[in-house]
């Protein structure tokens with residue numbers, strides 16, 4: 001039987017549906033999440049859930065849009081709250097780690113979308129997120145080079161890609177170990193090694 005969720009405004013219902021997908025993705029392959037499973041999670045019928053999404057692809061697009069908006073907002077906030085470029089990069093790194101621990105279904109959904117051979121709206125949003133993130137990192141690294149916190153000889157784009165690659169490696173390792181929360185313990189030490197490269201330490 002449906003609960004009072006059916007009386008919620010459309011935007012709130014859409015937001016709750018996105019949250020249901022994120023929760024389900026914590027423990028199963030996102031590609032195997034069915035509309036029936038989402039409906040059960042929300043204690044609704046499939047018809048009630050998808051009254052606000054024409055197709056499952058539309059829902060996945062909404063999920064990825066939610067991820068892009070929330071993650072980039074947190075990254076921007078972290079960058080505004082720290083003065084030096086190196087402190088900003090560390091804050092962005094830790095902020096991303098905290099986001100993944102809070103929403104462990106997000107990396108599963110992100111990886112699932114990027115490995116699809118077909119072009120989908122959700123995949124395009126994931127690619128846009130990557131590019132926007134990369135641009136923000138490049139700007140921060142260039143600022144660090146300008147004020148000599150970061151070695152001027154450093155290749156900016158390569159350093160930004162390594163930042164993201166390091167994060168993804170940590171996330172993958174934690175997923176394989178079955179304990180995403182352990183990434184918080186590993187992150188400071190891993191970033192310290194990355195930091196040495198930025199400064200050009202011998």
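May I ask you to verify whether residue 157 is in a helix (DSSP H, G or I) and under 21 Å from residue 76 (Cβ atoms)?
Against the criterion (in a helix (DSSP H, G or I) and under 21 Å from residue 76 (Cβ atoms)), residue 157 qualifies.
Tell me the residue from 118, 181, 149 that is assigned to a helix (DSSP H, G or I) and on the phi < 0 side of the Ramachandran plot, please.
Within the list 118, 181, 149, the selection yields 181.
Among the residues of the range 39-50, write down those that are modelled with pLDDT under 85 and closer than 29 Å to residue 127 by Cβ.
Result: 49, 50.
Just the residues that are crowded, with 16+ Cβ neighbours inside 10 Å and within 15 Å of residue 17 (Cβ to Cβ), please, taken from the range 56-102.
Hits for the range 56-102 are 59, 60, 61, 62, 63, 64, 65, 66, 67.
The values are calculated or read from the model by the stated rules, or taken from the named source; none is laboratory data. Note that this is a predicted model, so its numbers are computed, not measured. Cβ sites come from the backbone with ideal geometry, for glycine too, and all protein chains shown count toward neighbours.
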